[in-house]
Amino acid sequence: MLLEVKNLHTSIEGNEILKGINLKVNAGEVHAIMGPNGSGKSTFAQVLAGREDYNVTAGEVIYKGKNLLELKAEDRAREGIFLAFQYPVEIPGVSNVNLLKTAVNEIRKYYGEEELDAIEFLSLIKDKMKIVELDESFLKRSVNEGFSGGEKKRNEIFQMAVLNPKLAILDETDSGLDIDALKIVANGVNKLRSKDNATIIVTHYQRLLDYIIPDFVHVLYNGKIVKSGGKELAFELEKKGYDWLKNGSPKAIAG
Amino acid sequence: MEKIREFKEWFVKHFDDFEKNLNGEKTPEVHKLRKDALSKFKELSFPSLKDEEWKYTNISPLLKYNFSPVSSGKKVSSELIKKFLFDKMEHNFIVFINGRFSQENSKLLALPKGVIAGSISDAIKEKNPLIEKHFGKYANLSDQIFTALSTAFTKDGAFIYVPEGKVIEEPVHIIFLTSNGNKKIITQPRNLFIAGKNSRVTIIEHYVTENKGVYFTNTVTEIVAEENAVVNHIKLQEESIEAFHIARMEVDQERDSNFTSVLFSNGGNISRNDFNTHFNDEGGECKLNGLFLLDDNQLFDAHTLIDHAKPNCSSHEHYRGILDDNARGVFNGKVLVRPDAQKTNAFQQNNNILLSNNASVDTKPQLEIFADDVKCSHGATIGQLDNDAKFYLNSRGIGDEAAKAILLHAFASDVIKSVKINSVRNYIEEILSKRFNQDDL
């Protein structure tokens, strides 16, 4: 098993956000986590990636047999976890190519490998740029600065392609995208899928799941996974809306 | 108070010796300036925190020392000078060791005809008429005790003259090296740069040291940019962490002239830079950029004045500071728009990052506007490293140290990129990389 989340509770500034999440993810699988705004989806994604603003108050997360919660964010990334941000951060003055080169070499250093030289590195990234249809001028630009929404999300998938994670977590990667950008992003994710890696897609909408077909769909509500099923669950949610959860008692739905 | 009196008397006492050792530099015009400045020096008192212009900068640690003047010229190896050159670039450099011009260590490639780049001592001895016309005309003495001290002890410094229409493509790199052994010395480079009509020149004032320890650099630079001249000025202050550095730069800008200044400072014990530019005619533009990196108990003070005395001029100012440990920074940016100066554009920005809880910055934008048809703005920020950006980098496998270095570099880059000469930019980048990759910054 790649990832096992057991009874995960987290809080921020005293507010409990996640109230006992259980999830198992195997290599080769795509899981979608859906839920209304404020249900804790993004918190869950960020906690897995190692954001320190959240306190884990109970539970554990086992990743590749290790206690994930003991690892710092950078070590999680080096161990193969990748978070595509809902709101990718703008970093003026840092070029995309500089970020990626530093990232790739920091990860190589972690594994005791030699740093890539400029030529090796460029050939690696040029290959990956094609996956999300970015052109080379993009490399020199400052990270996410002045990017359109679509460019930001494509940049996330591009970084993901370069870093080649074992477990990719896509946090609302579809929100705010027009249909062309959505297709490019989804297409990129599909190209990167393999039997050795897994993807967790966190989304509010069913739309992205038309392009990336999940093996499992989980419904997160009020800090807990209240229902799990196959891809058909996403259609059901789309049809009935999240009010369906709010109106019914979670227990009934879970049952 | 006792210390201050002693500090002053020490210099007054030394003036006689100094005077005796002057040779050809004792021309009537310049020597009158020296003597007038000495009286002024006696008359003025050293600034205290009660003076508005020195409100955040307590110079009493400086006044505790008796700094000895250096009489004879010293020689150093060319290997040592090489350390301060930019990236193997073939360029003109002139070297001052402990404030004295060193012909042997300097290297001047072919300069356009009529260009002078050398020692002001020579120019005084040769009775160059430009000295009488310009020397001491811009750095006035009223309320300026350190300028009075500099003028009284006028001996040597850099003199650069670019005649009308001449263009010097390669920068003129001036290295002011302090090589003091363990002696607490004072050096007072006194510089005059004149860019004639339609001329173009880049001048780099580079203050470096061979030794750690206490010494005092008191420097005054006067710059004249004649009509339509383009002057790029870069100052690199790479001094001992215990050094005192008091500097004043006065710039006279004539019609349609363009002046750019970049100040890069690693600080010292106390560093104070007064950079003042004056638009004496219409159509001028000036850019003042600065970057300072401080740690330990350093105190750095940048005081700038942009005097918009005439209409249709524009100024852009951008200073950035990175401070760690107990370091303190001061930015005081005054923009004066006089009643005549309609259609003035003046923009000012000061941003600071504090890396520790004990570091602090006092930032004071001062816009004094007496004209009604102008565009002026200012902004100041003091903050910490952006945690969201740091987490973003961490989440890509980049460790804390590298993430911090990347973000500080990015913060500095706005100022660094205003240095248009690649080799100089690389030189500064290298200093930054060394600093940022240390654990303590």
Members of the stretch A:63-88 that are closer than 19 Å to B:GLU401 by Cα and of a type in the set (A, V, I, L, M, F, W, C): A:LEU71, A:ALA73, A:ALA77
Any hit, the stretch A:15-36, residues being touching a Gly at 6+ places or on another chain (Cβ under 6 Å), farther than 15 Å from A:VAL217 by Cβ and among the basic types (Lys, Arg): yes
Of residues in the stretch B:404-423 being surrounded by 20 or more Cβ atoms within 10 Å (Cβ to Cβ) and among the hydroxyl-bearing types (Ser, Thr, Tyr), the one nearest to the other protein chains (Cβ to nearest Cβ): B:SER413
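What residue, of B:ASN180, B:ASN258, B:ASN228, B:ASN191, is on the phi > 0 side of the Ramachandran plot and either assigned by TED's automatic domain parsing to the domain that holds B:VAL70 or free of Cβ contacts under 8 Å to residues at least 40 places away in the same chain (or both)?
Within the list B:ASN180, B:ASN258, B:ASN228, B:ASN191, the selection yields B:ASN228.
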Residue match in the stretch A:196-207 (condition: assigned to a helix (DSSP H, G or I) and of a type outside the set (Gly, Ala, Ser)): yes
Criterion violated by A:LYS153 - all others in (1) over 18 Å from A:LYS191 (Cβ atoms); (2) touching a helix residue (DSSP H, G or I) at 6+ places or on another chain (Cβ under 8 Å) satisfied: (1)
Residue ranges of helices (runs of 4 or more DSSP H) in the stretch B:1-75 with at least 1 members within 30 Å of B:PRO365 (Cα to Cα), assigned by TED's automatic domain parsing to the domain that holds B:ILE270 and in contact (Cβ under 8 Å) with a residue 24 or more places away in the chain: B:28-43, B:60-63
Checklist (1) farther than 19 Å from B:ASN58 by Cα; (2) of a type in the set (Gly, Ala, Ser); (3) within 23 Å of the chain's Cα centre (by Cα) applied to B:ALA327, failing item: (1)
Residue that is most open to solvent (accessible area, probe 1.4 Å), among those in the stretch B:220-246 that are over 28 Å from B:GLU430 (Cα atoms) and charged (D, E, K, R): B:GLU227
Residue match in the stretch B:347-366 (condition: over 26 Å from B:THR57 (Cβ atoms), away from every other protein chain (no Cβ under 14 Å) and not aliphatic (A, V, I, L, M)): no
Qualifying residues in the stretch B:381-403 (those that are open to solvent by 50 Å² or more (accessible area, probe 1.4 Å) and assigned to a strand (DSSP E or B)) - the one farthest from the other protein chains (Cβ to nearest Cβ): B:ILE382
Filtered residues of the stretch B:13-57 (kept if open to solvent by 40 Å² or more (accessible area, probe 1.4 Å) and aliphatic (A, V, I, L, M)): B:LEU33, B:LEU49
Qualifying residues in the stretch A:156-180 (those that are surrounded by fewer than 21 Cβ atoms within 10 Å (Cβ to Cβ) and among the small types (Gly, Ala, Ser)) - the one farthest from A:VAL25 (Cα to Cα): A:GLY176
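For a quick check of your reading: which helices (runs of 4 or more DSSP H) sit entirely within the stretch A:7-117 and have at least 2 residues that are in contact with a helix residue (DSSP H, G or I) (Cβ under 6 Å, 6 or more places away or on another chain) and either more than 14 Å from chain B (Cβ to nearest Cβ) or at pLDDT 95 or above (or both)? Steps first, please.
Values: elements: A:41-49, A:73-78, A:96-110.
Here the list reads A:73-78, A:96-110.
Could you please let me know if B:LYS107 is surrounded by fewer than 15 Cβ atoms within 10 Å (Cβ to Cβ) and under 24 Å from B:ILE421 (Cα atoms)?
no
Consider the stretch B:335-381. How many of its residues are charged (D, E, K, R) and over 22 Å from B:ASP414 (Cβ atoms)?
6
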Neighbours by Cβ (under 6 Å, 6+ apart or cross-chain): first from the stretch B:203-221, among the small types (Gly, Ala, Ser); second in a loop (DSSP other than H, G, I, E, B): B:GLY213/B:SER240; B:GLY213/B:GLU242
Strands (runs of 3 or more DSSP E) wholly inside the stretch B:257-375 containing at least 2 residues that are open to solvent by less than 10 Å² (accessible area, probe 1.4 Å): B:258-265, B:270-279, B:285-294, B:299-308, B:314-323, B:328-337, B:345-354
Extreme residue, surrounded by the fewest Cβ atoms within 10 Å (Cβ to Cβ), among residues of the stretch A:187-224 that are touching a Ser or Thr at 6+ places or on another chain (Cβ under 9 Å) and of a type in the set (Ser, Thr, Tyr): A:TYR205
Number of positions in the stretch A:134-152 that are part of a loop (DSSP other than H, G, I, E, B), within 14 Å of chain B (Cβ to nearest Cβ) and open to solvent by 30 Å² or more (accessible area, probe 1.4 Å): 2
Failed item in (1) in contact with a helix residue (DSSP H, G or I) (Cβ under 8 Å, 6 or more places away or on another chain); (2) assigned to a loop (DSSP other than H, G, I, E, B), with B:ASN228 passing the rest: (1)
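The values are calculated or read from the model by the stated rules, or taken from the named source; none is laboratory data. Owing to the predicted nature of the structure, the values given are computational and were not obtained by experimental measurement. Here Cβ is always computed from backbone atoms with ideal geometry, including for glycine, and neighbour counts include all displayed protein chains. Quick note on the areas: whole protein, heavy atoms, side chains included, nothing else; ligands and nucleic acids left out. Shrake-Rupley method; radii C 1.70, N 1.55, O 1.52, S 1.80 Å.
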